[in-house]
Amino acid sequence: MARAVIVGAGIAGSTVALLLKRFTNIKPVLYERAPSFKHIGAGLTLAPNGLAPLDQLGLLPKLRGISQPVNGLNIYSGPNRRPVTHQSNDWYQGLYRYPLLSFERANLQDLLVSELHRNCVEVNFGHKCIGVIDHHNNEPAVVQFGSGLEVEGDIVIGADGGNSLLRSLTIPKSRGEGVGVEYTGWTTLYGVTKPLDQAPTMDQIRIVGGIGKVYGAWPLREKRQFWFISLKEPFPGKWPSEASLQESLDKECQGLWFPENYGDTDTFMGDIIEKSVRVVKVPLMSGYWDATNYGRIVLIGDELGLADQGPGGEAAHSMVPFLAQGACQAIEDAVSLTNVLRPLSSPLRMEELISALDHHSTTRRPRVERVIKDARFAGKVNIDLSKSVIVRKLLTFGMSRMSSERMAKRGEWLYAPQNLQLIKETHTALM
C-alpha cells in the first residue's frame, strides 16, 4: 500500500488524512511538530463549501454539536452608530443546502483529532521536519525530522502552515518564488470571550465599518463571542509580548462603539475584550505561490500551523480573513488532492504521481487566486478606503439596498458545494 507522509496536523493535514483513509488505498501518516495539540487561535466559520466535504466523511452531526449556527448578518456604520443592513441566512441555507457554522478553532481541531484516532490514523507529535530527500525516481522520498527519525513516503504532503519548511524546500526548485505574497499593511486583533449571559441575538454576526478599520463579533457556542478588529499597521510587528498586546488593545479599542448592549449602557469593543479568555494579534499576509508541488512533494493550505507563534498563512497560499474562507479553502485543497490521487495504482509511479499533482495545482489555482483577490479587495475597501466620506456613503447606500436573496446569490460562486469541492463519484448521495 502506498504511504502518504503528512507534515502538519492542522485543519488541512487532518482533513486530507481522513479523506485519504476513507476514499483511497493510500495510507496516511501524520507528523506534527508541536508536542501536543493545544488551544491556539480563536474562532472560524465553515461555509457550505467547507461543510460539504466533511459531510461526506459523516461528520456533519458532530460538527453541529460543537458549533453555533449563524442565522443572520448585521452591518453597521461605526461613525453614525446606526444599522446599514440586516441579511437573513434563510436564503443562504435554502440555496446552498448547508448552514453557516461558527466554531471555536480548538473545538474543531479536537473533533478532527478524535476522528483520526477513531479511524486508526497514525498521528505522531513532537516531530519537526527538517528536510526531504526526493530521489526523483520510483523510490520513495525520505522525510527527515529533528529527532533523527527518517520515514519513507510515496507522497509527501506539506500542511505545515504559514512558515512552511516544505514550501521553502519546494518552491525555489520548481517554478519560481511566491508571486505577490506580501504583508498587506493590515493587522488583526482577535479573541474569544467567556460566556456572556447578558448578550442577546447570539446567532447573529455583527460587523461595524469604522474609519480606517473594521471590527465585529461572531457567535460561538455557550454564549461566547469571537471578536476581531482589523486595522492598518505599516510594518508587521513581531509576535507581541503580553504588555505590547495590551497596549495595542488599549490604543485601538477606545471609543469603538459596538451595536448591542451587554448591560444597561452603550457597549464598546473594550467591554467585550475585557471578557476575553484568549487574545491574539496577527499580521495579515496575502498572495499565492507560483508552484505548490515539486517531485513527490505537494503543499496544501492550512491557515495556522499548530506550532506557529507568529503570522498566519498557509503552506500553499495566504489569504486575508475578510471572506472567512481560510479553513474552507484548506478543506477544498484536501479534497482536490484526494480526487487526483484516487485513480492512481499502487505502487505510485513517479510519472503518474507528478501528472496528478500538476493537475491538482493547475485546477486549484484559478479559484484560490480569485478568493485571495476578492478577500484582499474587501479589506482594501473596509480599511484603506473607509477614511473617505464618499466611499463610506457609497458603501452604506449599496449595502442598504441589497436583499438577502441577492446577497446569497452573489456568493454562489464561492459557497455553493460544486463538484470540485466534493469527492468525486460520491457527491450525488451527499444531499
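Conditions (1) free of Cβ contacts under 8 Å to residues at least 24 places away in the same chain; (2) in contact with a strand residue (DSSP E or B) (Cβ under 8 Å, 6 or more places away or on another chain); (3) under 18 Å from residue 64 (Cβ atoms); (4) not hydrophobic (A, V, I, L, M, F, W, C), marked per residue:
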{"residue": "93", "(1), (2), (3), (4)": "yes, no, yes, yes"}
{"residue": "139", "(1), (2), (3), (4)": "yes, no, no, yes"}
{"residue": "150", "(1), (2), (3), (4)": "yes, yes, no, yes"}
{"residue": "158", "(1), (2), (3), (4)": "no, yes, no, yes"}
{"residue": "161", "(1), (2), (3), (4)": "no, no, no, yes"}
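Taking each residue of the stretch 210-222 that is without any contact (Cβ under 8 Å) to a residue 40 or more places away in the chain and looking for partners that are aromatic (Phe, Trp, Tyr) with beta-carbon atoms closer than 8 Å, six or more apart or interchain, yields 216/227; 216/228. Among the residues of the stretch 234-277, the ones that are surrounded by 15 or more Cβ atoms within 10 Å (Cβ to Cβ), modelled with pLDDT of 75 or more and farther than 23 Å from residue 76 by Cα come to 0 in all. Just the residues that are under 23 Å from the mean Cα position of the chain (by Cα) and either assigned to a loop (DSSP other than H, G, I, E, B) or of a type outside the set (Ser, Thr, Tyr) (or both), please, taken from the stretch 1-16. Across the stretch 1-16, the qualifying residues are 4, 5, 6, 7, 8, 9, 10, 11, 12, 13, 16. Within the stretch 369-408, the residues that satisfy the criterion of being of a type in the set (Asp, Glu) and under 24 Å from residue 326 (Cα atoms) are 369, 374, 384.
Just the residues that are among the polar types (S, T, N, Q), in contact (Cβ under 8 Å) with a residue 12 or more places away in the chain, over 27 Å from residue 343 (Cβ atoms) and surrounded by fewer than 16 Cβ atoms within 10 Å (Cβ to Cβ), please, taken from the stretch 359-402.
Selection gives 400 alone.
Does any residue of the stretch 154-163 turn out to be touching a Cys at 6+ places or on another chain (Cβ under 9 Å), at pLDDT below 90 and among the charged types (D, E, K, R)? The answer is yes, given that some residue of the stretch 154-163 is touching a Cys at 6+ places or on another chain (Cβ under 9 Å), at pLDDT below 90 and among the charged types (D, E, K, R). For the stretch 208-233, residues that are surrounded by 22 or more Cβ atoms within 10 Å (Cβ to Cβ), farther than 16 Å from residue 276 by Cβ and among the aliphatic types (A, V, I, L, M) total 2. Filtered by the rule that a residue be under 22 Å from the mean Cα position of the chain (by Cα) and either surrounded by fewer than 21 Cβ atoms within 10 Å (Cβ to Cβ) or more than 15 Å from residue 323 (Cα to Cα) (or both), the stretch 189-207 gives 189, 190, 191, 192, 193, 203, 204, 207.
Answer yes if at least one residue in the stretch 49-67 is touching a residue at least 40 places away in the same chain (Cβ under 8 Å), crowded, with 22+ Cβ neighbours inside 10 Å, within 30 Å of residue 392 (Cα to Cα) and out of contact with any helix residue (DSSP H, G or I) (no Cβ under 6 Å at 6 or more places or on another chain), and no otherwise. Scanning the stretch 49-67, I find no residue that is touching a residue at least 40 places away in the same chain (Cβ under 8 Å), crowded, with 22+ Cβ neighbours inside 10 Å, within 30 Å of residue 392 (Cα to Cα) and out of contact with any helix residue (DSSP H, G or I) (no Cβ under 6 Å at 6 or more places or on another chain), so the answer is no.
Does residue 391 satisfy the criteria of being modelled with pLDDT of 75 or more, in a helix (DSSP H, G or I) and touching a Phe, Trp or Tyr at 6+ places or on another chain (Cβ under 9 Å)?
Numbers: modelled with pLDDT of 75 or more: yes; in a helix (DSSP H, G or I): yes; touching a Phe, Trp or Tyr at 6+ places or on another chain (Cβ under 9 Å): no.
Against the criterion (modelled with pLDDT of 75 or more, in a helix (DSSP H, G or I) and touching a Phe, Trp or Tyr at 6+ places or on another chain (Cβ under 9 Å)), residue 391 does not qualify.
Within the span defined as the stretch 172-181, every residue fails to be buried (at least 20 other Cβ atoms within 10 Å of the Cβ) and at pLDDT below 95. Restricted to the stretch 101-120, and to residues that are touching a strand residue (DSSP E or B) at 6+ places or on another chain (Cβ under 6 Å) and not in a helix (DSSP H, G or I), which residue is farthest from residue 49 (Cα to Cα)? The selected residue is 104. Checking 51, 44, 19 one by one, the residue that is under 14 Å from the mean Cα position of the chain (by Cα) and part of a helix (DSSP H, G or I) is 51 and no other.
Would you check if residue 143 is buried (at least 21 other Cβ atoms within 10 Å of the Cβ) and part of a strand (DSSP E or B)? Yes.
For the stretch 68-86, the tally of residues that are within 23 Å of the chain's Cα centre (by Cα) and either closer than 23 Å to residue 256 by Cα or free of Cβ contacts under 8 Å to residues at least 24 places away in the same chain (or both) stands at 4.
The values are calculated or read from the model by the stated rules, or taken from the named source; none is laboratory data. For clarity, every value in this text was computed on a predicted model and none was experimentally measured. Positions of Cβ are generated from backbone atoms using ideal geometry, with glycine treated the same way; all protein chains shown enter the neighbour counts.
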